[in-house]
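Below is one structure, written out as structure tokens; comments come after it.
The values are calculated or read from the model by the stated rules, or taken from the named source; none is laboratory data. For clarity, every value in this text was computed on a predicted model and none was experimentally measured. With ideal geometry, Cβ positions are generated from the backbone for all residues, glycine too; neighbour counts draw on all protein chains shown. With ligands, DNA and RNA removed, areas are computed over all heavy atoms of the protein, side chains included. Shrake-Rupley method; radii C 1.70, N 1.55, O 1.52, S 1.80 Å.
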Amino acid sequence: MSADAADRYLRPGTLQLGAPPPLSVYVHLPWCLKKCPYCDFNSHEFGGPRHGEALPERRYLDALRADLEASLPLVWGRTVHTVFIGGGTPSLFSPEGIERLLSDLRSLLPLAPGAEVTLEANPGTFERERFRAFRDAGVTRLSIGVQSFDDDRLRALGRVHDRAQALAAVEEAAASFATFNLDLMYALPGQTLAGLEQDFATALAFRPPHLSLYHLTLEPNTMFARRPPVLPDEDTSATMLDRLVELTAEAGLSRYEVSAYARPGHRCAHNLNYWQFGDYLGLGAGAHGKLSFPHRVLRTVKGREPARYMDEALAGRAASNEDEVTRQALPFEFMLNALRLREGFERALFTERTGLPPSAIAQGLAKARALGLVEDDEGPLVRPTTKGFDFLSDLQALFL
Ligand SMILES: C[S@@+](CC[C@H](N)C(=O)[O-])C[C@H]1O[C@@H](n2cnc3c(N)ncnc32)[C@H](O)[C@@H]1O
Ligand code: SF4
């Protein structure tokens, strides 16, 4: 580490962290064929080959490499445990591009043997034909944005794919990958309980190793926020979630986090590292990161706009905005993540990851116990009760 970086990151502070937590890398690929009306991710429409536009793939990969090189002082000597290539629609990148990205990563940072490497893919035909090649490029886990298998629901969501493409994509993923995830949403415009059950019967028939199930939310600054579709009421969507928990459990998938369901051995190591307040280096337009040092925890964010991000990164200025998480904010930030885990977390993890003494959460935990929101014992685990899990934001707010 250079003297300048050491001055910035290693100088004394009030936190006392031990060994740094496991390190993950998140890479953001920001383009999509078409912007979905509900989406507030940092994704940018790209007309695609039909409109004669080419993705600036090579330039973006050059920018990512420059971004990574500029970030090295933040992660000196650390091994990477998981990689997540998210978007946007990463499957718009060629398998050769993904291979180059992974080889750039490996050449600059040690990747743990058997590291999980996830790639997000959309179920279009053009993407599906590349699944096998993504695997051969080093991707170990595919995450497919199916959303629904119902053509009417997909149309209402403004998706570019249809049921037939979704079915073919999942079949191909199951044939090519030992582990994969399907993203599905519920409480969709015009969705009934019977419709949802049918959708899940289709999904579960593939015996997916992992599901991520999201309640459709109307995010500010999206088309749906401006012109909201008619959605199922709150009671119906709560019933839908109960039904999903039952159906997935019957199919052997356990709900290990608010939105994540897995068969044994198929939990997402990358997301688990987020929820256990591990570290991650964020690369790419708008990517967030979190990195620990002996006396501080930093949050980083890269420039959001792809063209500008590329210009800056290539000019050697990919340096992100960095903010130190305050001592006061750390307990809540930790709980915001760790309490999402159905099985909770080891009490000692709090001190390990925040560098704060256990007394920093003692009051919050006492209140949570009194309200029946966490298990009422002083054992090594802190675990939300069913009530705590159902009223998670109230539970988390006790640590504000
Ligand atoms: C980063 S997105 C991108 C994945 C991929 N581009 C796609 O859309 O298929 C990951 C997932 O977040 C979920 N998601 C996006 N916007 C949402 C919203 N407004 N409400 C609920 N879930 C949402 C979708 O299930 C989506 O697959
Ligand atoms: S494909 Fe995914 S990332 Fe792209 S706009 Fe739609 S929801 Fe957002």
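Hey, could you check region 42-78 for residues that are buried (at least 16 other Cβ atoms within 10 Å of the Cβ) and over 30 Å from S2 (Cα atoms) and say which is farthest from ligand 1 (Cβ to nearest atom)?
Checking each candidate, the answer is E57.
Out of region 292-313, which residues are within 30 Å of E57 (Cα to Cα) and assigned to a loop (DSSP other than H, G, I, E, B)?
Result: K302, G303, R304, E305.
What is the residue count in region 182-221 for residues that are out of contact with any Pro (no Cβ under 7 Å at 6 or more places or on another chain) and within 14 Å of ligand 2 (Cβ to nearest atom)?
10
Out of all the residues in region 359-380, which are at pLDDT below 95 and either within 24 Å of the chain's Cα centre (by Cα) or open to solvent by 60 Å² or more (accessible area, probe 1.4 Å) (or both)?
Passing the criteria: D376, D377, E378, P380.
Can you go through Y214, Y186, Y256 and tell me which one is surrounded by 15 or more Cβ atoms within 10 Å (Cβ to Cβ), within 16 Å of ligand 1 (Cβ to nearest atom) and in contact (Cβ under 8 Å) with a residue 24 or more places away in the chain?
Result: Y186 is the single residue among Y214, Y186, Y256 that is surrounded by 15 or more Cβ atoms within 10 Å (Cβ to Cβ), within 16 Å of ligand 1 (Cβ to nearest atom) and in contact (Cβ under 8 Å) with a residue 24 or more places away in the chain.
Please go through region 99-129 and pick out each residue that is out of contact with any strand residue (DSSP E or B) (no Cβ under 7 Å at 6 or more places or on another chain) and within 16 Å of ligand 2 (Cβ to nearest atom).
Within region 99-129, G124, T125, F126, R128 meet the criteria.
On the basis of being open to solvent by 40 Å² or more (accessible area, probe 1.4 Å), more than 10 Å from ligand 1 (Cβ to nearest atom) and at pLDDT below 95, does R106 make the cut?
Working: open to solvent by 40 Å² or more (accessible area, probe 1.4 Å): yes; more than 10 Å from ligand 1 (Cβ to nearest atom): yes; at pLDDT below 95: no.
Against the criterion (open to solvent by 40 Å² or more (accessible area, probe 1.4 Å), more than 10 Å from ligand 1 (Cβ to nearest atom) and at pLDDT below 95), R106 does not qualify.
Quick one: count up the residues across region 259-291 that are part of a loop (DSSP other than H, G, I, E, B) and open to solvent by 10 Å² or more (accessible area, probe 1.4 Å).
Residues meeting the conditions: 8.
Pull up region 79-96, narrow it to residues that are surrounded by fewer than 19 Cβ atoms within 10 Å (Cβ to Cβ) and either in contact (Cβ under 8 Å) with a residue 60 or more places away in the chain or within 27 Å of P56 (Cα to Cα) (or both), then point me to the one that is farthest from ligand 1 (Cβ to nearest atom).
E96
Are there any pairs with C-beta distances below 6 angstrom linking a residue in region 1-17 that is of a type in the set (V, I, T) to a residue that is modelled with pLDDT of 90 or more and open to solvent by 30 Å² or more (accessible area, probe 1.4 Å), with the two at least 6 apart or on different chains, and if so which?
Going by the 6 Å Cβ cut-off, the qualifying pairs are T14/R327.
Between a residue in region 310-326 that is in contact (Cβ under 8 Å) with a residue 40 or more places away in the chain and any residue that is open to solvent by 70 Å² or more (accessible area, probe 1.4 Å), which pairs come within a Cβ distance under 6 Å, given they are 6 or more apart or on different chains?
M310/R59
Do we find that D62 is touching a residue at least 40 places away in the same chain (Cβ under 8 Å), touching a strand residue (DSSP E or B) at 6+ places or on another chain (Cβ under 7 Å) and charged (D, E, K, R) in this structure?
When the stated conditions are applied, D62 does not pass them.
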